[in-house]
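Working notes, structure below.
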Amino acid sequence: MLLLTGATGLVGSAVLRRLTAARVPVRCLVRDPRRLGAERVRVQIALGDLADPPSFRNALRGVTTVVHLAAAIRDQPRGSIEELNGIATWRMVQAAEAAGVTRFVFFSALGASAHDRTRFLRAKALAEQAVTESAISEPVVVAPSIVYAPGDVFMTLLSRMAALAPVVAVSGRGRARYQPIWADDVADAVIALLGAEGEALQPRYELAGPEEVDYTEITRRLLVAAGHPRRLVHVPTPIVSRALRATEAILKSKAPATWDEAELMEVSMVTPRGTADAQLLGVSPSSMAEVLDLLPV
C-alpha cells in the first residue's frame, strides 16, 4: 500500500492519475475526499491533514511507501508555515518509522536551507533533515525548481490580474532565476523513482526544466500563453511587503496573496545539475514553449 499526501495539488493530482491507471493500491490523506474528483472511487481514503498528526497513524496502517507532497506556502488557520511543513513532516516520519514504512519520498524545493530568507524554504530544510536522518531504509528527497502547468493557480491569478488592468505588477526586480519544470514531467519522475530498485535509488533528486529564466520572463511568457500580454511594472519590495501584510491582516486566510508567497518569487531555485536527475529517471523535461502550446487557442 502506498500513502499519498497532497493528492489534490498540482503534482499530486498528476501522480495520482498515473498510480490509479497502473492499478497501484493507493491511500490518500485528505481533508475533503470530494476534491479528489473521479479518483476518489479508485483509492482508499484516510481523513486528516498536516495539522492533524493523530490522523497519520491510521493513514499509515499497512503502508510500505509514502509520497509526501502536501505543503503550505502560507499560514493556515490550523497551523503556521513552520508547523505544516517542518514539524508535520517530522511527525509523519516518526509515524512512518513506527508503521514499518521502507520508502519515504519527500517533496522539498531547490534552495531549501536553514538560513534562507523565506520561512517556507527554512521549514522545508528542517523537513529534509527529518527525512534524511530517519531510520527509514529508503529516504528520498525530491527537490524541484518552480513547477507549473497550463491553467494552474498562478497562471489563473495572472490572467485575472491582466483582465483588470493594462499592466501587471511584479514584486521587486523580478530577477530571481528558475528552471521551470512541467508538473507532468515531475509526476513521471516520481513514478519512475517509485519503480526503482533500492540499490538504484539516489538519496536526492533535483528536478529542473531545460531552460533557466528569471521571474519576469516567466510571468511574461505565462501572460502571453494565456492570451493576455501586458506590460510588467516592477514594484519595490518594501511597498509589496507592506501592502500584502496589511491585506493579510484584514482578510486573513482569504487574502488573494501573502507576503510569504510573494517573497518566494524573489529567491532563485536553480541547480547546476540541470535536467540530469530527471533524465536519470527516464524523463526529458519539456521546455515552457512546448508545454504552453498545449493551451487551447
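Beta carbons closer than 8 Å, at least 6 apart along the sequence or on distinct chains, pair a first residue in the range 257-281 that is at positive phi with a second that is in a loop (DSSP other than H, G, I, E, B) and at pLDDT 95 or above for Gly274/Gln179; Gly274/Ala208; Gly274/Pro210.
Across the range 241-297, the number of residues qualifying as among the polar types (S, T, N, Q) and surrounded by fewer than 17 Cβ atoms within 10 Å (Cβ to Cβ) comes to 7. Against the list (1) under 18 Å from the mean Cα position of the chain (by Cα); (2) of a type in the set (Gly, Ala, Ser); (3) under 20 Å from Pro139 (Cα atoms); (4) not in a helix (DSSP H, G or I), the condition Ala51 fails is (3).
Entry remark, the range 38-51: residues being without any contact (Cβ under 8 Å) to a residue 24 or more places away in the chain and either within 14 Å of Leu194 (Cα to Cα) or out of contact with any Phe, Trp or Tyr (no Cβ under 9 Å at 6 or more places or on another chain) (or both) number 6 in total. Checking Ala70, Ala14 one by one, the residue that is under 29 Å from Tyr148 (Cβ atoms), assigned to a helix (DSSP H, G or I) and in contact (Cβ under 8 Å) with a residue 60 or more places away in the chain is Ala14 and no other.
Please determine whether any residue of the range 165-172 is crowded, with 23+ Cβ neighbours inside 10 Å and either within 19 Å of Leu84 (Cβ to Cβ) or of a type in the set (Ser, Thr, Tyr) (or both). Yes, the range 165-172 contains a residue that is crowded, with 23+ Cβ neighbours inside 10 Å and either within 19 Å of Leu84 (Cβ to Cβ) or of a type in the set (Ser, Thr, Tyr) (or both). With respect to the conditions (1) under 30 Å from Arg78 (Cα atoms); (2) under 22 Å from the mean Cα position of the chain (by Cα), Ile250 lacks only one, and its number is (2).
Has the range 189-199 got at least one residue that is farther than 30 Å from Val24 by Cβ and surrounded by 15 or more Cβ atoms within 10 Å (Cβ to Cβ)? Looking for residues that are farther than 30 Å from Val24 by Cβ and surrounded by 15 or more Cβ atoms within 10 Å (Cβ to Cβ), one finds none in the range 189-199, hence no. Selection of the range 107-132 for residues being under 22 Å from Gly274 (Cβ atoms), in contact with a strand residue (DSSP E or B) (Cβ under 8 Å, 6 or more places away or on another chain) and of a type outside the set (S, T, N, Q) yields Phe107, Ala109, Leu110, Gly111, Ala112, Glu128. Of the candidates Arg27, Arg61, Arg57, the single residue that is on the phi < 0 side of the Ramachandran plot and in a strand (DSSP E or B) is Arg27.
Okay, residues lined up against (1) at pLDDT 95 or above; (2) surrounded by 17 or more Cβ atoms within 10 Å (Cβ to Cβ):
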| position | (1), (2) |
| --- | --- |
| Gly6 | yes, yes |
| Gly9 | no, yes |
| Val26 | yes, yes |
| Arg61 | yes, no |
| Thr64 | yes, no |
| Gln76 | no, no |
| Gly79 | no, yes |
| Leu84 | yes, yes |
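The values are calculated or read from the model by the stated rules, or taken from the named source; none is laboratory data. If you're wondering where the values come from, they're calculated on a predicted model, not measured in any experiment. A quick note on method: Cβ atoms are made from the backbone with ideal geometry, for glycine too, and the neighbour counts reach across all protein chains shown.
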